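The structure appears right after this line, and notes come after that.
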Amino acid sequence: MTDPDVHTLAGPYVLDALPAPERTRFEAHLKDCAFCRTEVDELREAAVKLATQVAAPPPPHLKANVMAAIDQVRQLPPQVWGEDAPAERRYSRRSVLALAAAAVAAATAGGVAIDQYRRRSEQTEANQRISAILAQPDARTVHGAVSGGGQATVVTSARANAAVVVLKDLPKLPAQRTWQLWMIDTSQQAHSIGLATGDETQVIDGNVTGKATFGLTIEPAGGSPSPTLPAAALIPLT
């Protein structure tokens, strides 16, 4: 698999929440991806990984080495502009435009790299949170079918007041509709815990402790203050 989103499947894979074809492709990807193998191993062991990294200070000799190198750099003579400038220092309109285009291309490439790094960092953080939830001694996993097709897998920890919800093979909804996730308490009061556009994995922080049922409904775009019945899924958590 070459799709960059394959790196986001470590959590659902460990939770056994991938459909068979996708699981087979991900396992093939694992053979060539050390990063995903590490993620899977850590999630399987439910080891809580360090969420932040401390930057290491530069070595004491670094500043001295830089200052010494500066002393060896020859300063360039002042540049001459205009008609008296040497031919090799004149810039035509075409060359300036070419340099500008190159700068824009470099900036765009850099922006893409930064964006990819940000998404990768966010996914790593999410996997760390999944690992923390799985590590809880009271973590409990339940599965349930979704009306119309698909499945929901929910891992809850009352101690952490958190959950992991994995949705897979859900039917495609019209543009003006969305999936809405709920936690329902023992008094049948439903608490919204988020929206979903389709198959995805969500980490839920809060509104988990004391809840008895996970619910999934189809709502207007933007969600609803209360669930529209009948629900697409109602899965007991206890």
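With the other protein chains left in place, how much accessible area per residue, in square angstrom, belongs to the stretch 139-236 at a 1.4 angstrom probe?
Normalised by residue count, the accessible surface of the stretch 139-236 is 47 Å².
When Lys and Arg each count +1 and Asp and Glu each count -1, what net charge do the other residues less than 12 Å away from residue 232, Cβ to Cβ, add up to?
Within the 12 Å Cβ shell, the charges total 0.
Jot down the radius of gyration and Dmax of the stretch 139-236, Cα atoms only, both in angstrom.
Expressed in Å, the Cα Rg and Dmax of the stretch 139-236 come to 12.3, 37.
Could you compute the FRET efficiency for residue 187 and residue 20, with r as their C-beta to C-beta distance and R0 at 22 Å, rounded to 0.05?
The value I calculate is 0.05.
Ignoring any ligand, DNA or RNA, what whole percent of the accessible area of the stretch 139-236 comes from carbon and sulfur when the probe is 1.4 angstrom?
Taking all protein chains in place, the stretch 139-236 shows 51 percent carbon and sulfur surface.
Using protein chains only and a probe of 1.4 angstrom, how many square angstrom of residue 147 are accessible, to the nearest 10?
80
Relative contact order for the stretch 139-236: what is it in percent, counting Cα pairs under 8 Å that are at least 6 residues apart?
Over the stretch 139-236, the number comes to 29 percent.
Kindly sort 219, 125 by accessible area of their heavy atoms, largest first, with the probe set to 1.4 Å.
Descending order: 125, 219.
With all protein chains present, calculate the accessible area of residue 23 using a 1.4 Å probe and round the result to the nearest 10 Å².
Estimated to the nearest 10 Å², residue 23 gives 60 Å².
The values are calculated or read from the model by the stated rules, or taken from the named source; none is laboratory data. Just so we're clear, the structure is a prediction, and the values are computed from it rather than from any experiment. In this analysis, Cβ positions are derived from the backbone assuming ideal geometry, glycine residues included, and neighbour counts consider all displayed protein chains. Just the protein is used for accessible areas: all its heavy atoms, side chains included, with ligands, DNA and RNA removed. Shrake-Rupley method; radii C 1.70, N 1.55, O 1.52, S 1.80 Å.
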